[in-house]
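Q: Please read through the structure below; I'll follow up with questions.
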Amino acid sequence: MSERSGSNGRIRATGKRRRKPSRGRRAKRIAVWSLAGAVVVGGAGLGYAYVHLNGNLQAVDIDTALGKDRPENVDNGSEDILVLGSDSRSGANGKYGADGGGARSDTAMVVHVNKGHKTASVVSIPRDTLVTRPDCTGDVSGDPVAGQQRAMFNTAYEVGGPACAVKTVESMSGIRMDHYIEVDFTGFKKLIDKLGGVDITTTKAIDDPDSHLDLEPGTHTLDGEQSLGLVRTRHSVGDGSDLGRIQLQQAFIKALMQQVKSVGVFDGTKLYGIADTATKAVTTDSDLGSVTKLAGFAKGLKGLGSDNVNMVTLPVEYDPADPNRVIPLEKADRQVWDALRADQPVPASATKQSAGDKGDAGKIVR
């Protein structure tokens, strides 16, 4: 794919496809993009590399922060992981907007890996969903944070950090999260570049001045900056809401999983570069807070392919009092969470009436 930059600095891409990435640019199957580097580093056996990569990782002790006031820990072989994309504008992320002094969960997904780890369900939670946020404890200050009615979902992370986000999801779903994984803007972008980009085909033009992405219909290999632009795009697809953007994100993740499904022959420098980038990109719960544990967890997901992952959006409707917000469809939501708790597929009937199941934003990318 060739690129050109207009006078406004926006990224443009033509429909010409770049040379197909070599096998050396591919990694093992993964369920979430942020684990790619951790998968390939498992078993490397390099002492210095292990110590260095371990030092890259940041971990949060979710269990200690939340204590015993949590849903039952059901040990049936399945796993539930809360995956967040942080929209902090501090540091290198400042180019994507002004730093408002805090971060919110720009992207939130509950990944349920079924027993046997051969299939999975992913439930995207719209960041603008109005929820009852429970009382939390701030992860930095340690001070109590009062709960709130009709709070936007992404404020949980803003006021209380990862532990509050996990507690809010557990309160909504009644499901205990086994793990927590967070990726920030800059880390995501760098990881895509290290993997050699992601191949997508757009069926319609995407032109979003806010995400700085300008793509003509056709096949493209997106680099990290363009991939970040795609998953942040909302105003040029669907109805311009966060629901359309979620559909784009889900389509992108499917494309990424297809891209990295086979194992290439990595030289030591390439392998180390991917692992170094990946471990800098993620924050995990303390149970995954080492290279050995993270790589072992990711290897347990290697049997998953994009065809075995069902992605849905939490059933919602637009809030009659504020069209810029959505509210849960309680009966349908319960169907979704009950299916995950029972380690069963989410029934199609659960999302049939959801605003998030309407529109064609997800069909723009394949």
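Q: Got at least one residue in the stretch 49-60 being small (Gly, Ala, Ser) and at pLDDT below 80?
A: yes
Q: Let me ask another. Hey, can you tell me all the residues within the stretch 323-360 that are closer than 19 Å to GLN149 by Cβ, in contact (Cβ under 8 Å) with a residue 40 or more places away in the chain and open to solvent by less than 60 Å² (accessible area, probe 1.4 Å)?
A: VAL326, ILE327, PRO328, ASP333
Q: Can you run down the residue pairs with Cβ atoms below 7 Å, 6 or more apart or on separate chains, where the first is in the stretch 116-136 and farther than 23 Å from LEU66 by Cβ and the partner is assigned to a strand (DSSP E or B) and among the basic types (Lys, Arg)?
A: Qualifying pairs under 7 Å: ASP128/ARG325.
Q: From the set of residues in the stretch 137-153 that are under 17 Å from ALA108 (Cβ atoms) and in contact (Cβ under 8 Å) with a residue 40 or more places away in the chain, which is farthest from the chain's Cα centre (by Cα)?
A: ASP139
Q: Here is a follow-up. In this structure, does LEU301 turn out to be in a loop (DSSP other than H, G, I, E, B), within 16 Å of the chain's Cα centre (by Cα) and either buried (at least 20 other Cβ atoms within 10 Å of the Cβ) or modelled with pLDDT of 90 or more (or both)?
A: yes
Q: Sticking with this one: Among (1) open to solvent by 20 Å² or more (accessible area, probe 1.4 Å); (2) out of contact with any helix residue (DSSP H, G or I) (no Cβ under 9 Å at 6 or more places or on another chain), there is one condition THR221 misses while meeting the rest; what is its number?
A: It is condition (1) that THR221 fails.
Q: I'd like to verify a number: residues in the stretch 224-240 that are touching a Lys or Arg at 6+ places or on another chain (Cβ under 8 Å), without any contact (Cβ under 8 Å) to a residue 40 or more places away in the chain and part of a loop (DSSP other than H, G, I, E, B), how many?
A: The qualifying residues number 3.
Matching residues to (1) among the charged types (D, E, K, R); (2) open to solvent by 20 Å² or more (accessible area, probe 1.4 Å); (3) modelled with pLDDT of 90 or more:
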position: GLY147; (1), (2), (3): no, yes, yes
position: PHE153; (1), (2), (3): no, no, yes
position: ILE175; (1), (2), (3): no, no, yes
position: ASP184; (1), (2), (3): yes, yes, no
position: PHE188; (1), (2), (3): no, no, no
position: ALA205; (1), (2), (3): no, yes, no
position: ASP208; (1), (2), (3): yes, no, no
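Q: A follow-up question, please. Which of the strands (runs of 3 or more DSSP E) found entirely inside the stretch 105-210 contain at least 3 residues meeting this: of a type in the set (Val, Ile, Thr)?
A: Strands (runs of 3 or more DSSP E) meeting the threshold: 105-113, 198-202.
Q: Let me ask something else. List pairs: first residue in the stretch 192-211 and over 15 Å from ILE253 (Cβ atoms), second residue in a strand (DSSP E or B) and charged (D, E, K, R) anywhere in the structure, Cβ distance under 9 angstrom, at least six positions apart or on different chains.
A: Short answer, once both residue conditions are applied: ALA205/ASP214; ILE206/ASP214; ASP207/ASP214; ASP208/ASP214.
Q: If you don't mind, there's one more thing I want to ask. Among (1) open to solvent by 20 Å² or more (accessible area, probe 1.4 Å); (2) farther than 24 Å from LEU66 by Cβ; (3) among the hydroxyl-bearing types (Ser, Thr, Tyr), there is one condition THR279 misses while meeting the rest; what is its number?
A: (1)
Q: Also: Pick from the stretch 307-354 the residues that are assigned to a loop (DSSP other than H, G, I, E, B) and within 23 Å of MET152 (Cβ to Cβ): which of them is nearest to the chain's Cα centre (by Cα)?
A: LEU314
Q: I've got another one for you. Only one residue in ALA156, ALA205 is more than 15 Å from the chain's Cα centre (by Cα) and under 30 Å from GLY77 (Cβ atoms), so which one is that?
A: Step by step, each of ALA156, ALA205 is checked, and only ALA156 is more than 15 Å from the chain's Cα centre (by Cα) and under 30 Å from GLY77 (Cβ atoms).
The values are calculated or read from the model by the stated rules, or taken from the named source; none is laboratory data. Model, not experiment: these values are computed from the prediction. All Cβ positions, glycine included, derive from the backbone under ideal geometry; neighbour counts span all protein chains shown. Calculation scope for accessible area: heavy atoms of the full protein, side chains included, ligands and nucleic acids excluded. Shrake-Rupley method; radii C 1.70, N 1.55, O 1.52, S 1.80 Å.
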